[in-house]
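Visitor: My questions will all concern the structure given below.
The values are calculated or read from the model by the stated rules, or taken from the named source; none is laboratory data. Please read all numbers here as calculations on a predicted model, not as lab measurements. Glycine also receives a Cβ, built like all others from the backbone with ideal geometry; neighbour counts cover every protein chain displayed. Ligands, DNA and RNA are excluded from the accessible area calculation, which covers all protein heavy atoms including side chains. Shrake-Rupley method; radii C 1.70, N 1.55, O 1.52, S 1.80 Å.
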Amino acid sequence: MADFPQMSFQQRTSQNMAQTQVQKMSQTQIMSLNLLAMSSADLRKEIYAQAGKNPALEIVRDSMESGVSSSRREVSASSRFSDNTRYGSASASGSAASDNFQAALESTSDEREPLTDHLEHQLNAMNISEEEKALCLKLIYNLDEKGFHILSPISFLNPENPLHTQEFLDKCLCLVQHLDPVGTCTNNYRESLFVQAKISGTASNLALFLLETNEHFDFLNPPQIPKIQKKLADYLGQQKKLKFTSKDGISLTKDDISSEEIESALDFIKTLDPYPARNFGTNTTNYVAPDVIVTKNPEPEEGEAEFTVTFAREFLPKVGLSKDYTALINSTENIPNDGSEKSERKKAELKFAKNSVNEAKVFIDSVLYRESTILKAAQEIVAAQSEFFKKGPRYLAPLRQKDIAEKLGVHETTISRMASSKYLACEWGIFPISYFFTNAVKAESPSSENPASLSKEAVKYEIAEILEEHKKDKKALSDQKISDLLAEKGIKVARRTVAKYRGELNINSSYER
């Protein structure tokens, strides 16, 4: 009988330990999922907040910050454990930066007109359609303080609106680029210079050629006339050797470019402003830092991937464990159990250090889980959307979050968290990761021309095209007839679905047309 209380106690202890382990696992999972759902900006704040609360968590490096150097190793470990005080010092450049920042805070506010307000006032005075105005406003409020795009402009096109074509986007871009100051709403300062040169109407063909592409623009580095002249001669010589040359873009009209022509082109380029928005104030701007960067391999070897997908670590602080804390908990020195104040203090310090290190490890593991999940998901997205990354946004394929979840062996909600407020940068611009997930409609008879699945938007375009082709018919097409015509193209869509898509296109029924 005396053994029963012992067994009961052991069972309760075992159950309590199991519950504690489950609780710890649950807390770890919750933290991992919370961090996964955060944007890069929110994660930066969270990292600094955690480092401020937990002295065992150190920010090893932050490429977005400069001038501040940690000096925590210069302070003994025992002087910090008891009061949890953090120590640090600023370098000379850091002190100067701090003084300048304080002076800026105390100075008068920037009363210059914000760039967005200045552009919007001009846009309101223009006689353009409501659709054009709406897209132009989105482009204007997508500009940073330099007047350059934050997100890729193509991401503002509504795929469900048949008016939103590449030509429509180019027209709206041109409208904003012509506003004062000329040359905003571009990707970078080189493109801004090119736009300014085209709009001026006085640029020479050579000046336009030098500003047209990054390759041509590199001829100006260094801006020395003899070296530019040699680079141009080499370029023209290589073009002559090519059997086929592209007719797109600006071409030079003669083979021999004189130093006087180069000097004149340089003088003209110097009159342009690489940052036309510099004289305007700024509104509060939400900057977008890409979480993933996709680069195309120029000449992939056999078996090598066409694209390289990398996680943009430089936008986040690098965190690590404090060496002082890990050294303390790994110490083999025995703490005397004599009940003295010194031994009790050391026991408390050791317990505090162990808890701090464990919490820091959980946080670091959660950050690494976030990075790994985003990177793996991005790799699967690039594989699924390879035509997009090869040829551009118009080749976006149908893709569901469920498809990526199945590839990774995770729940669909995990992919939803991953895609939330995350961005991908590639040669076509910066896109929200959610942009790459589109609805699909199955084709009845898949072929090279009609793939196994089409995007919902593609089917809408087919419906709009059919109605446009038959708009002069004496009798308007019924939804069933449209469904039949789609079936002839290998797209099986029910009559009710046609009616739904037609309604989303704001096209009346056959009775009202």
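Visitor: Name every residue in the stretch 431-440 that is crowded, with 18+ Cβ neighbours inside 10 Å, part of a strand (DSSP E or B) and modelled with pLDDT of 85 or more, in order of residue number.
Guide: Phe431
Visitor: Would you mention how many residues in the stretch 386-411 are open to solvent by 30 Å² or more (accessible area, probe 1.4 Å), out of contact with any helix residue (DSSP H, G or I) (no Cβ under 7 Å at 6 or more places or on another chain) and not in a helix (DSSP H, G or I)?
Guide: Residues in the stretch 386-411 being open to solvent by 30 Å² or more (accessible area, probe 1.4 Å), out of contact with any helix residue (DSSP H, G or I) (no Cβ under 7 Å at 6 or more places or on another chain) and not in a helix (DSSP H, G or I): 4 in total.
Visitor: Report the residue count in the stretch 299-313 for those that are over 16 Å from Lys422 (Cβ atoms) and either in contact with a Phe, Trp or Tyr (Cβ under 7 Å, 6 or more places away or on another chain) or in contact (Cβ under 8 Å) with a residue 12 or more places away in the chain (or both).
Guide: So the first thing to find is which residues in the stretch 299-313 are over 16 Å from Lys422 (Cβ atoms), and the list is 299-308.
Among the residues that remain, those that are also either in contact with a Phe, Trp or Tyr (Cβ under 7 Å, 6 or more places away or on another chain) or in contact (Cβ under 8 Å) with a residue 12 or more places away in the chain (or both) are: 306-308.
The number of residues fulfilling the criteria is 3.
Visitor: Okay, next question. Yes or no: the stretch 159-172 includes at least one residue that is in a helix (DSSP H, G or I), in contact (Cβ under 8 Å) with a residue 24 or more places away in the chain and in contact with a Cys (Cβ under 6 Å, 6 or more places away or on another chain). Write out each step before concluding.
Guide: Initially, the stretch 159-172 is screened for residues in a helix (DSSP H, G or I), giving 166-172.
Filter once more, keeping what is in contact (Cβ under 8 Å) with a residue 24 or more places away in the chain: 166, 168-169, 171-172.
From what is left, the residues that are in contact with a Cys (Cβ under 6 Å, 6 or more places away or on another chain) are 172.
Yes - at least one qualifying residue is present in the stretch 159-172.
Visitor: Which pairs have Cβ atoms under 9 Å, sit 6 or more apart or on different chains, and link a residue in the stretch 469-482 that is closer than 15 Å to Gly503 by Cβ and small (Gly, Ala, Ser) to one that is outside any loop (DSSP other than H, G, I, E, B) and open to solvent by 30 Å² or more (accessible area, probe 1.4 Å)?
Guide: Partner pairs satisfying both residue conditions: Ser478/Arg495.
Visitor: Collect the residues in the stretch 197-231 that are open to solvent by 60 Å² or more (accessible area, probe 1.4 Å), closer than 14 Å to Lys270 by Cα and at pLDDT 90 or above, keeping them in residue-number order.
Guide: Result: Thr202, Gln224.
Visitor: Does the stretch 307-333 hold any residues that are under 30 Å from Ala377 (Cβ atoms) and in contact with a helix residue (DSSP H, G or I) (Cβ under 7 Å, 6 or more places away or on another chain), and which are they?
Guide: Phe307, Val309, Phe311, Phe315, Leu316, Pro317, Val319, Leu321 - these are the residues of the stretch 307-333 that are under 30 Å from Ala377 (Cβ atoms) and in contact with a helix residue (DSSP H, G or I) (Cβ under 7 Å, 6 or more places away or on another chain).
Visitor: Filter the stretch 112-139 down to the residues that are in a loop (DSSP other than H, G, I, E, B) and closer than 14 Å to Pro181 by Cβ and list them by number. Let's see the steps before the verdict.
Guide: Step one: filter the stretch 112-139 for residues in a loop (DSSP other than H, G, I, E, B), giving 112-113, 125-129.
Result: Arg112, Glu113.
Visitor: In the stretch 271-298, what count of residues is obtained for those that are modelled with pLDDT under 80 and open to solvent by 100 Å² or more (accessible area, probe 1.4 Å)? I'd like the intermediate steps shown before the answer.
Guide: So in the stretch 271-298, the residues modelled with pLDDT under 80 come out as 281-289, 298.
This time we only want the ones that are open to solvent by 100 Å² or more (accessible area, probe 1.4 Å), so: 284, 286-287, 298.
Selection size over the stretch 271-298: 4.
Visitor: Right, here's the next one. Hey, among the residues in the stretch 477-490 that are in a loop (DSSP other than H, G, I, E, B) and at pLDDT 85 or above, which one's least open to solvent (accessible area, probe 1.4 Å)? Don't jump to the end; show me each part of the working.
Guide: Filtering the stretch 477-490 down to residues in a loop (DSSP other than H, G, I, E, B) leaves 477-478, 489-490.
So of that shortlist, the ones also at pLDDT 85 or above come out as 477-478.
On the way: Leu477: 16, Ser478: 47 Å².
Per the criteria, the residue is Leu477.
Visitor: Return yes or no: is Ser155 touching a Ser or Thr at 6+ places or on another chain (Cβ under 7 Å) and in a helix (DSSP H, G or I)? Don't jump to the end; show me each part of the working.
Guide: Working: touching a Ser or Thr at 6+ places or on another chain (Cβ under 7 Å): no; in a helix (DSSP H, G or I): yes.
No, not satisfied.
Visitor: Give me the pairs: first residue in the stretch 343-372 and closer than 18 Å to Ala49 by Cα, second residue aromatic (Phe, Trp, Tyr), beta-carbon distance under 9 Å, and six or more apart or on different chains, which are they?
Guide: Once the first residue is closer than 18 Å to Ala49 by Cα and sits in the stretch 343-372, its partners that are aromatic (Phe, Trp, Tyr) give Ser356/Phe81; Ser356/Tyr325; Val357/Tyr325; Ala360/Tyr325.
Visitor: A further question follows. Regarding the stretch 182-200, can at least one residue be identified that is outside any strand (DSSP E or B) and over 18 Å from Gly147 (Cβ atoms)? It would help to see each step written out before you state the result.
Guide: First pass over the stretch 182-200, keeping only residues outside any strand (DSSP E or B): 182-185, 187-200.
Remaining after also requiring over 18 Å from Gly147 (Cβ atoms): none.
No, there is no match, as no residue in the stretch 182-200 is outside any strand (DSSP E or B) and over 18 Å from Gly147 (Cβ atoms).
Visitor: Would you call Val182 β-branched (Val, Ile, Thr), open to solvent by 30 Å² or more (accessible area, probe 1.4 Å) and either touching a helix residue (DSSP H, G or I) at 6+ places or on another chain (Cβ under 6 Å) or in contact (Cβ under 8 Å) with a residue 40 or more places away in the chain (or both)? Explain how you work it out, then say what you get.
Guide: On the way: β-branched (Val, Ile, Thr): yes; open to solvent by 30 Å² or more (accessible area, probe 1.4 Å): yes; either touching a helix residue (DSSP H, G or I) at 6+ places or on another chain (Cβ under 6 Å) or in contact (Cβ under 8 Å) with a residue 40 or more places away in the chain (or both): yes.
So Val182 passes the test.
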